[in-house]
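The values are calculated or read from the model by the stated rules, or taken from the named source; none is laboratory data. Keep in mind the model is a prediction, meaning the values are calculated, not measured. All Cβ positions, glycine included, derive from the backbone under ideal geometry; neighbour counts span all protein chains shown. Ligands, DNA and RNA are excluded from the accessible area calculation, which covers all protein heavy atoms including side chains. Shrake-Rupley method; radii C 1.70, N 1.55, O 1.52, S 1.80 Å.
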Amino acid sequence: FGKNVEESEGNSELIATKDGRLEYSGDKIQVNDVLLIKGNVDTSTGNINFGGDIVVHGDVKTGFEIECVGSLEVNGVIEASNIIVGRDLVVKGGIQGNAKSSIKVGGSTICRFIENASVNSEGDIITDFVVHSNISCGANLIVKGKKGLLVGGEIRVKNEITAQVVGSYMGTKTLIEIGIDPSEKMKLDMYKDEIHGYEKKLRELQPTIETGKQL
């Protein structure tokens, strides 16, 4: 047996010591904690849920989902897809999303561009430009391309934003929030909505309570 595999006490079974993909290497059985996709993530692969790192040589096509415990590296482009990454996300192309897709990253995000996408990253986001996107960043947003453009959408960053141009003379609405942890802000908004819901229920119950008091 090979890596990430051990024998049981009675030497009657082989046990995986890590989550991953079962593989044969020569005459050995092993568990690989890196999943390699040699082409695109599309109908040929289906959706992917993996307990380690994933490397995609091609693109992630529209409508497909990837969830991994480790890091995700994409050599092409992420189209309008739902992505959940436990650690870091590296996209050598860019991220082209839509209103129905979202990307959540437990670590840092590095890509060429972000356009019409919803990206929530607990670590830094490093990219060349951001256009019409909803960004939630738990550290620093660094827009370091030649244009360094940050235009449109809603941008929430805990620490700092570095960019050449923020907003547009064309009147494109760009909302910027800095200095508040976006995840804590989301929790606060959720609690506020919950309070409003309870207040509405209380108002609906009030007539019944008053009737009960009279009885």
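Kindly report, to the nearest 10 Å², the accessible surface of T174 as traced by a 1.4 Å probe over protein heavy atoms only.
Rounded to the nearest 10, that gives 40 Å².
Go through L175, L188, L89, L22 and list them by solvent-accessible area, largest first, probe radius 1.4 Å.
The ordering from most to least exposed comes out as L22, L188, L175, L89.
Would you please state which residues of the range 17-43 a label at V55 would reach in this model, taking the label point 7 Å out along Cα→Cβ and a backbone N cut-off of under 11 Å?
Residues passing the 11 Å test: 34-38.
Once the Cβ-Cβ distance between Y169 and R87 is put in as r, and R0 is 41 Å, what FRET efficiency do you end up with, to the nearest 0.05?
The formula returns an efficiency of 0.60 here.
When the accessible area of the chain is computed with all protein chains present and a 1.4 Å probe, what percentage of it is carbon and sulfur?
Summing carbon and sulfur atoms, their accessible area is 51 percent of the total for the chain.
Relative contact order of the chain, please, whole-number percent, based on alpha carbon pairs below 8 angstrom and at least 6 residues apart.
On the way: 564 pairs, mean separation 18.1, N = 215.
That works out to 8 percent.
In whole percent, what relative contact order does the range 99-215 give with Cα contacts below 8 Å and a gap of six or more residues?
That works out to 16 percent.
Keeping all protein chains in the complex and leaving out DNA, RNA and ligands, what accessible area do you get for V69 with a 1.4 Å probe, in Å² to the nearest 10?
Accessible area, nearest 10 Å²: 90 Å².
At 1.4 Å probe size, put D19, D53 in order of accessible surface, largest to smallest. Provide the component values of the computation, followed by the final result.
On the way: D19 110, D53 45 Å².
I get D19, D53, largest accessible area first.
Given R₀ = 45 Å, FRET efficiency for E7-L202 by Cβ-Cβ distance, to 0.05? Intermediate results must be reported in sequence, preceding the final value.
Working: r = 63 Å, r/R0 = 1.39.
The value I calculate is 0.10.
Going by a ≥ b ≥ c, the root eigenvalues of the Cα gyration tensor, does the range 23-182 fall in the rounded group (a/c under 1.5), the prolate group (a/b larger than b/c) or the oblate group?
Because a/c hits 1.5 or more and a/b exceeds b/c, the range 23-182 counts as prolate.
Of A80, I155, I125, which is farthest towards the positive pole of the range 27-162's charge dipole, taken about the Cα centre with +1 and -1 on the beta-carbons of Lys, Arg and Asp, Glu respectively?
The Cα lying farthest towards the positive end belongs to I155.
Cα gyration tensor of the range 138-215, axes a ≥ b ≥ c as square roots of the eigenvalues: rounded (a/c below 1.5), prolate (a/b > b/c) or oblate?
In terms of gyration-tensor shape, prolate.
Please compute the net charge surrounding T127, taking Lys and Arg as +1 and Asp and Glu as -1 over other residues with Cβ under 11 Å from its Cβ.
Taking every other residue near T127 into account, the sum is -1.
I'd like the orientation of helix 182-214 relative to the chain: the angle between its Cα long axis and the longest Cα principal axis, in ° from 0 to 90, rounded to 10.
Around 50 degrees separate the two axes.
Not counting ligands, DNA or RNA, and with a 1.4 Å probe, what is R203's accessible surface area in Å² rounded to the nearest 10?
The value for R203 is about 150 Å².
Excluding ligands, DNA and RNA, what is the solvent-accessible area per residue of the chain at a probe of 1.4 Å, expressed in Å²?
Here the per-residue accessible area is 60 Å².
What is the range 1-93's relative contact order, in percent, from Cα pairs under 8 angstrom and six or more apart in sequence?
Working: 229 pairs, mean separation 17.3, N = 93.
Relative contact order, the range 1-93: 19 percent.
Gaussian network model of the chain, Cα springs within a sub-10 Å range: biggest mean-square fluctuation belongs to which of G197, G106, G153?
Of the options given, G197 has the highest mean-square fluctuation.
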